[in-house]
Structures are given as C-alpha cells and as structure tokens.
Amino acid sequence: YLLIPEHFLDPECLSLSRPVCQFFRALVQPEYSAVTDVYVLMFLADTVDFIIIVFGFWAFGKHSAAADITSSLSEDQVPEAFLVMVLIQFGTMVIDRALYLRKTVLGKLVFQVILVFGIHFWMFFILPTVTERRFNQNLVAQLWYFVKCVYFGLSAYQIRSGYPTRVLGNFLTKSHNYLNLFLFQGFRLVPFLTELRAVMDWVWTDTTLSLSSWICVEDVYAHSFVLKCWRESERRYPQPRGQKKKRVVKYGMGGLIVVLLICIVWFPLLFMSLVKSVAGVVNRPLDVSLTITLGGFQPIFTMSAQQNQLKDLTEEDFSSFISNYSYTPSALQFLEAYSREDVTLAELQGSSNSLWTISPPSRQYLSQVLNLEHFPLTVSWTIQRSARTPTFLRQLVFFVFFFFFTCCLFICCFVFFVCFILFPCFIRAPSDSNAKPIEQLYRGMDAIDQRADSLVPLRGGTTVTDRREAGLQLFVFSDKVSPPSLGFLAGYGIMGLYASVVLVIGKFVREFFSGISHSIMFEELPCVDRILKLCTDIFLVRETGELELEEELYAKLIFLYRSPETLIKWTRR
C-alpha cells in the first residue's frame, strides 16, 4: 500500500490501510522524537536469554535426559537443536548491534516484526509439539519468554524514540568510580568480547581509520579511563605524604596475595591428595585376566576372573591380612593408603579356558628352541575397571614383564620343561596405566613363611602363604579415582596440573611483577583528562561525518604517544 497510488485502491481498502500506513510512517519518519538509548538493557535481556538456553536446554527438548546439555558436552556431543538455538540467539544479538551502529529505525522495525511473529509461532505452536508439554507446564520456557517480552518492550521503545545520533565510547565509562572500573575490567577480561565488539564497531561505522588504528584508539581510551578511575580514587581518598602504609592495607592486600600465591604453588599436590583420600571413589576391577605365552607362540594358558570370582574381603580378613605384616614397616606403610573396599581377591582357575593350538612346523621349531640355554616365558595380565574415571583410565591394561629361566628336557617328541615362575599374587592397580607387583608385600614374605604356623586363617582355612603357593589367586589393590565431577582436573595428574595450571598462572603473575619499568611513561600519568577529551573528540567527529578531522585528531594522538616531552605537558595537573 505504500508503493501503490491511492486512486488505484478500493475506498474500503484505503480506509483500512491509511491508518496503518500513517502509523508506520510516523515510526520511520517522525516529525520529532525524544532520542533515547536502551541498547544496553536490550543486550542484557538477550544475555539472560542466552544463559537460560545454555543451562535450561533440557526444557526445550522432547526427552529431558537426552537433551541434558551438560551430559552431552561431557561426552563430546553437541545436540543439533541446542546448536541451532544458541547460534540463532547469538545471531540476533549481532544483528541488533549492527542496527544500533547504523541507526536504522526501519531495519529495526522489520527485525522486530519478524522476531515477534517468529518467536510467538515457535513458542506456542512448534515448541509444545516438540516437547509434548503445554506452554503453561514448561517453567523454563515461560521464563525465557518473559525475558524476551521485556526485550520486545525495550525494542519498541527504542523504535518509538529513535536511535541516538551520537554513540560515544563504552556505556561503562560514563562515570569514574570503583564500580565502573571493576565492571569495565571484567568486561575486558571476557574472552573475545572486546575484540568482537571492536571489529563489529569498525565494520558498521563510517570511518577513515584502518582496523589496527581503530583498535589503537580503543586501547588508548580504555587505558586512559582506567588511569582516570585510579586518579579519582586517589583524589577522594588521599594518602598523606611521609606516612607509612597501614597494617590493614598491608595485611589485607599483601597477606591475601601471599596466601593466594602459596595456594597456587601447592595446589596440584593438595588437590591430588584430597581428591583421592577425601573425595575418592572406589573403583573395583571388573575383569582380571592372565595369559602365559611360550616365546612368540600362541598363549599356552588363558584364564579370566569375573563377577563371583572377584570377591571382597571382610573386615576380619583384611585385619588378619594386615597383621601378617606387623613386623614389616615398608609393607605397613604401603597398606596405610588402602582400606578394605580397595582390595579385591581374584580367584583364577588352574585350567585354561581355551585350547593351545600349534601347527606342526611351529611345534618342530619349539622343540628346537627349548634346547637353548635361555628361553623366554611371557606372563601378562589385564585388569579392566569401570569407566567412571577420566577417558584414558577407562580400561587399565597392565602387561608384560619377562622372566628368563633355564629349562629343558625333550623326551620322545613330548615337550617337558620345569620352570620356576614368580607369580604376582599382589598387584597394585593405580590410576594410570602401569600396574606392578607390590614389592613391599613380597619383602616380608620370608618373615611370614617363618611365622606360617601362627597365621590367622582366611576364608576356607587357607593362609596367605597357601594362596601365594597356589599361584592362581591375586590380591588386587585398586587406587581410588577422582569423582566424575573432578575428573577433568584429576586426569592431568600432578605434573599435568603443574604444567597446565601453575605454570600458566605463573606466567601471568610474572608479567604483572616484571616489565613495569618499560611502561612507567604510560602508567604514571598525573592527569589524563586531556587524553580522554582527545579520544572523545575523535568519536564525536566520526559521528558527525567529519572524517578528515578524524584523521588529523588521530595523527595528533599518535604524535602525543611518540613524544615523551609532549605527553608530560599534556598530563600535568
């Protein structure tokens, strides 16, 4: 109707369309308007909706368990619906910023109409169909819709009043107090937010400056604002000359920094100790397998213990087990780190669960190598535990140590050999992938053999020595693992935490304590009002379209920082 001449329209259609056209024309081309700026409030509303989508995504899916974003991300899976919602929400925030910088009321009006119809159609028709829940039964969706309605109200007010003609600086730099200082510093600490804002402002703002020059002006302005806030605080709370710092300041600030640095240095050791002793989770074996191989031939013996063959010790059994090593300090020191729940008895049968298959040529070759002075026998075992631990600990496979011994007697085409095998009946299953026999418990076996008559019997009347001689029963000592919630930290290990946490934080701390002398001429500025005014002038002439003057003022700013003498004159009180 805006493009078709009125004499081509039906009078009834014209009577209906004329008020609508006048309404939209008054919005797009108002005679006068009270210019306002509510972009910050709209941005905060969009940010709240973004957070609701991230942490309440389960309410927008059909099955809450399948749509749980935390469990999906922990399994390195990103639901497609979640990705689409987040990208659309982020895209609307970018479009809103572009419209704000271009000051396009018509574009904002079209964007508002599309959002209103699209969101209401999705919220009241599509979403109930997908989730199989009515809108009044979905609390998270109601909260998201309420915040979006606040955004719609702010956008309508912005359209009605019109965009501001001057967009100068950051909204956090309007006042020079501690609140604005800390909020501005927190804003600059958010990863990529400052960079993204600077690049978008450069793209959608008319300017003659290059991107690097634009970023240079923004950095000078931000640095000058921080200095201005500190100088204002010094003016409001002056420090008398010749007086030493108060103890409250020294111990409040310095003491806190000392405690913080000490905690960072010793964090890996303290964390790994507490996460295993206090918050550790018992991780019992699920399968214990043993394989004996002659040289490089097929395994001659294969056996595994599962379910009922993996038994837990009672308090009485565990106490009697510890009492056997009462005169072995090294063994007692090792056993102090374990409780009854950490020990599992794996009972392996004496017969193999598979046949030994060997071809005639291999059998002939075996009869030849058995006549050698040394012949290798490989004993390997595999212990599989639960996957509740970090990714690389889901299956602990411990294998292969070699015993070389002398054997040999070949009679009438039958292979017969005698070997003495040190069977590892005590195995430690640590939280890494290297299981080893527990040497501390073997060192005390001689003393135990001497006191075998006085040992307290275990279940079935069999002593520890008898079990060792049996050779097919293993005591598995499983180290506690970190709970799943702390697995992302505990998985790095002590050295990994030092390399990834302590050294990285130490690098940033070192940059704060060193290299200060190189920035004295830019940090110790008594008054930065003139520099701030110069930056504001650059913003102002840019908004008014005086691009040649923008170049001249930028050249003046660069010359100011190139000339220490001029900078001293400009920053005097």
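Do we find that Val288 is at pLDDT 80 or above, in contact with a Ser or Thr (Cβ under 7 Å, 6 or more places away or on another chain) and crowded, with 17+ Cβ neighbours inside 10 Å in this structure? Yes: the conditions hold for Val288. If you take the residues in region 331-341 that are in a helix (DSSP H, G or I) and over 26 Å from Asp287 (Cβ atoms), which one is most open to solvent (accessible area, probe 1.4 Å)? The qualifying residue most open to solvent (accessible area, probe 1.4 Å) is Gln333.
Could you list all residues from region 348-366 that are part of a loop (DSSP other than H, G, I, E, B) and surrounded by 11 or more Cβ atoms within 10 Å (Cβ to Cβ)? Once the filter is applied, which keeps residues that are part of a loop (DSSP other than H, G, I, E, B) and surrounded by 11 or more Cβ atoms within 10 Å (Cβ to Cβ), region 348-366 yields Leu348, Gln349, Ser352, Asn353, Ser354, Trp356, Ile358.
Close Cβ contacts (under 7 Å, 6 or more residues apart or on different chains) running from residues in region 98-125 that are without any contact (Cβ under 8 Å) to a residue 12 or more places away in the chain to residues that are surrounded by fewer than 17 Cβ atoms within 10 Å (Cβ to Cβ) comprise Phe124/Phe135. Does Lys507 meet the test of being under 24 Å from Gly169 (Cβ atoms), open to solvent by 70 Å² or more (accessible area, probe 1.4 Å) and in the same structural domain as Trp204 (by the TED database)? The answer is no for Lys507.
Checking each residue in region 346-378 for being of a type in the set (Val, Ile, Thr) and over 30 Å from Arg284 (Cβ atoms) picks out Thr357, Ile358, Val369.
Look at region 10-36: where a residue is assigned by the TED database to the domain that holds Lys108 and more than 14 Å from Ala156 (Cα to Cα) and a partner is open to solvent by less than 100 Å² (accessible area, probe 1.4 Å) and modelled with pLDDT of 70 or more, sitting 6+ places away or on another chain with Cβ atoms under 8 Å, you get Pro30/Gly162. Filter region 103-129 down to the residues that are hydrophobic (A, V, I, L, M, F, W, C) and open to solvent by less than 40 Å² (accessible area, probe 1.4 Å) and list them by number. Across region 103-129, the qualifying residues are Val105, Leu109, Phe111, Leu115, Ile119, Met123, Leu127.
Residue-wise test of (1) open to solvent by 20 Å² or more (accessible area, probe 1.4 Å); (2) at pLDDT 75 or above; (3) farther than 18 Å from Cys425 by Cβ.
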residue: Arg443; (1), (2), (3): yes, no, no
residue: Asp446; (1), (2), (3): yes, no, no
residue: Val464; (1), (2), (3): no, no, no
residue: Lys480; (1), (2), (3): yes, no, yes
residue: Leu486; (1), (2), (3): yes, no, yes
residue: Leu489; (1), (2), (3): yes, no, yes
residue: Ala499; (1), (2), (3): yes, no, yes
residue: Ser517; (1), (2), (3): yes, yes, yes
residue: Leu549; (1), (2), (3): yes, yes, yes
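Test Val259 against the criterion of being β-branched (Val, Ile, Thr), over 30 Å from Ile358 (Cβ atoms), in the same structural domain as Leu179 (by the TED database) and buried (at least 17 other Cβ atoms within 10 Å of the Cβ), and give yes or no. No: the conditions fail for Val259. Inside region 284-328, residues that are more than 17 Å from Leu345 (Cα to Cα) and in contact with a Pro (Cβ under 9 Å, 6 or more places away or on another chain) make up a count of 6.
With respect to the conditions (1) farther than 30 Å from Ser289 by Cβ; (2) modelled with pLDDT of 75 or more; (3) β-branched (Val, Ile, Thr), Val476 lacks only one, and its number is (1). For region 134-165, a residue qualifies if it is part of a loop (DSSP other than H, G, I, E, B) and surrounded by fewer than 14 Cβ atoms within 10 Å (Cβ to Cβ), and the qualifying residues are Arg134, Thr165. Which residues, counting only those in region 532-547, are part of a helix (DSSP H, G or I) and touching a residue at least 60 places away in the same chain (Cβ under 8 Å)? Correct list: Leu532, Cys535, Thr536, Ile538, Phe539, Leu540, Arg542, Glu543, Leu547. Once region 303-330 is narrowed to residues that are hydroxyl-bearing (Ser, Thr, Tyr) and open to solvent by 40 Å² or more (accessible area, probe 1.4 Å), the residue that is nearest to Val343 (Cα to Cα) is Thr314. Within region 294-323, the set of residues being more than 24 Å from Lys480 (Cα to Cα) and not aromatic (Phe, Trp, Tyr) comprises Leu294, Gly295, Gly296, Gln298, Pro299, Ile300, Thr302, Met303. Where helices (runs of 4 or more DSSP H) fall wholly inside region 1-99, the ranges with 3 or more residues that are modelled with pLDDT of 65 or more and among the hydrophobic types (A, V, I, L, M, F, W, C) are 11-28, 39-55. The requirement of being touching a Cys at 6+ places or on another chain (Cβ under 9 Å) and surrounded by 13 or more Cβ atoms within 10 Å (Cβ to Cβ) is not satisfied by Leu196.
The values are calculated or read from the model by the stated rules, or taken from the named source; none is laboratory data. Worth saying up front: this structure is predicted, and the values here are computed from it rather than measured. Cβ: placed from backbone, ideal geometry, glycine included. Neighbour counts: every protein chain shown. Heads up: the accessible areas ignore ligands, DNA and RNA and are worked out on the full protein's heavy atoms, side chains in. Shrake-Rupley method; radii C 1.70, N 1.55, O 1.52, S 1.80 Å.
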